[in-house]
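Participant: Quick one: structure below, then a few questions.
The values are calculated or read from the model by the stated rules, or taken from the named source; none is laboratory data. Remember, it's a predicted structure, so these values are computed and weren't measured experimentally. Reconstructed Cβ throughout: ideal geometry from the backbone, glycine too, with neighbour counts over all protein chains shown.
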Amino acid sequence: MNLFGLLGVSGSALTAERVRAEITASNMANAETTRTSDGKLFQRQHVVFQSIGPVSNDVTSGGMLGGSFANTFQSQLTNAAWHGASPTGTPDEGGVEIADVVTDHSQGLRRYDPGHPDADKDGYVTYPDIDPLTEMVDLMGATRAYGLNVSAVQATKSMIGASLDLLK
C-alpha cells in the first residue's frame, strides 16, 4: 500500500465513524419518542462495520499484525503479476465500510403516565429501550475514532510533503 492508499483507508474510516455518530445521535434524539410517523415505536439502531479488500489480520498468514516483510512483499508482487495490478493494491484496501444498520427489536420500556396521549387502557406508555449512558459512550467512541483518523490523515500528508521535499 502506498501513502495515497493510507489516505483512502483513513477516508473510509472517517465516513464510517461519521455515520456511526449520526445513528447514535438519532438514537439519543428519539429516546423519548413514543411513536414514529408510521405510528410504530422508535427502535434503536446499530452500525455494523466490515473490512474492505483482501487484507488479512491473521498473524500466521503474514497479515497486518504479523508475518515477515519478505513474505508480504513477495505475495504482493505475485498477486500483481497474476492479476495485472500494481503492487500497491487498491486505495481503500484495508479500509472499512458500513455493512449494515441493524435495528434493535427490543420491546421497549413501559412507564405509568395515564395523561399521555399514547397511554394504553391501563395508563402505561411504551418508550424505546434506549439507554442515554450507552449512547453517550458510543458517541464518545465514534468521536475519538474520528479524531484519530484525522490525525492519521495529517500524518500521511506530512509524510507525502516530506517525500516531495526529498525530490527538491
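Participant: Residues 92, 118: which one is modelled with pLDDT of 70 or more, in a loop (DSSP other than H, G, I, E, B) and surrounded by 13 or more Cβ atoms within 10 Å (Cβ to Cβ)?
Facilitator: 118
Participant: Just for segment 2-58: of the residues that are among the β-branched types (Val, Ile, Thr) and assigned to a helix (DSSP H, G or I), which one is modelled with the lowest pLDDT?
Facilitator: Looking at the filtered set, the residue picked out is 9.
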